[in-house]
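Input: a single structure, listed below in structure tokens.
Just so it is clear, none of the values below were taken in a lab; they were calculated from the coordinates. Because the structure is a prediction, the values reported are computed rather than measured. For neighbour counting, all protein chains shown are included, and Cβ atoms are generated from backbone atoms with ideal geometry for every residue, glycine included.
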Amino acid sequence: MSPINNVAVIGASGNFGTPITQALQASGFKVTIVTRETSTTVHPPDISTVRTEYTLEALTKALNNQDAVVCVVGPGGVPLQKTFVDAAEAAGVQRFIIDDFGWGPDARGFPEFDAIHAIRREGWDYAAKKAKDNKNFTWTGLTTGNPIDWAMKKFPLMGFDISKHEAIIYDQGKERFTGTTLEGIGQAVVGTLQHPEETANRFLKVQSIQTCQNELLDAFERITGEKWKVARMTSKELIEKGKEENKACVGGWVLKLAVSHLYDVGQGRGMVAPSRKEADAELLGVKEESAEDIVAKLLG
């Protein structure tokens, strides 16, 4: 397989697309942002931007001379992933990083997420079939699990209200889960493209940290030098609320069940891999982080 130099990113302005694009550029890849023709998002002036229709013909032209494509579109763009794959193959792209950046094919989520997962999986399976039929086209899926620093800062329901120095501890606060920071997600993409042979045609499991709520609360209190106000809730209560809202078509159910995914006692739903050794973080150069490292980022 030839070295990968030119990389197109579809979805570069999103929550994950931004750090991925920055990491690729910092690592010396020649990055091109591919976005909708109608998009008004302003991208960095030092990165080439191609605005195009999301049709097979237009995307094939946009992806010409690209060695790799990173697909990191939001939920609205996921159903278009098969078109992106077709265009990448037609343009002679060597590697297509599929839109996972979540819990991957082995996820043990709640049934309420089955329909969402099926749409994502359709694109993954399509890329795998293309690679099977065309040895010059390859794919990689990056299963990163919980984007811990981004999600914990954005959603206090995850257990920590950083501005108020308050916490919600679910059950005993001992359920362990893995997380990958935004920096780790960016590095995972870089590492994939730097090791094209080892990362071809498979899902890779990535994590920056394995932790639990108690460890994070201890770190918050040590670094801030104060005791945080702690409320208690059970994961069962949160699951029940999420399921009730789903049945009632209330939008908040997604967040409640996503948080419950991490803390469902004894289920291990929030673990990408049992240990760092059983993940692919070392291969990809994703550094291991401690609870103190995560908390420092959140408070900083």
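Below, the figures for the structure above:
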| read-out | value |
| --- | --- |
| Candidates 37, 57, 89: whichever shows maximal mean-square fluctuation once the chain is modelled as a Gaussian network with Cα springs under 10 Å | 37 |
| Crossing angle, helix 253-263 versus the chain [Cα axis fit, 0-90 degrees, rounded to tens] | 70 |
| The chain: most fluctuating residue of 74, 251, 141 per GNM, C-alpha cutoff 10 Å | 251 |
| Residues with amide H under 5 Å from that of residue 50, placed H, sequence gap 5 or more | 33, 34, 35 |
| Stokes-Einstein translational diffusion, region 1-153 - Kirkwood Rh over all Cα pairs, 0.890 mPa s, 25 °C, in µm²/s | 155 |
| Helix-only CD estimate at 222 nm, as mean residue ellipticity for the chain, using -39500 (n - 2.57) per DSSP H run (n ≥ 4) | -11500 deg cm²/dmol |
| Part-to-part distance (alpha-carbon centres) for region 278-300 and region 27-64, which is given in Å | 30 |
| Nearest 10 degrees, 0 to 90: helix 81-90 Cα axis against the chain principal axis | 30 |
| About the Cα centre, charge dipole magnitude for region 1-89 (Lys/Arg +1, Asp/Glu -1 at Cβ), debye | 120 |
| Ratio of the Cα radius of gyration of region 182-287 to 2.2 N^0.38 Å, where N counts its residues | 1.37 |
| Descending principal axes extents, the chain, alpha-carbon based, whole Å | 56, 40, 39 |
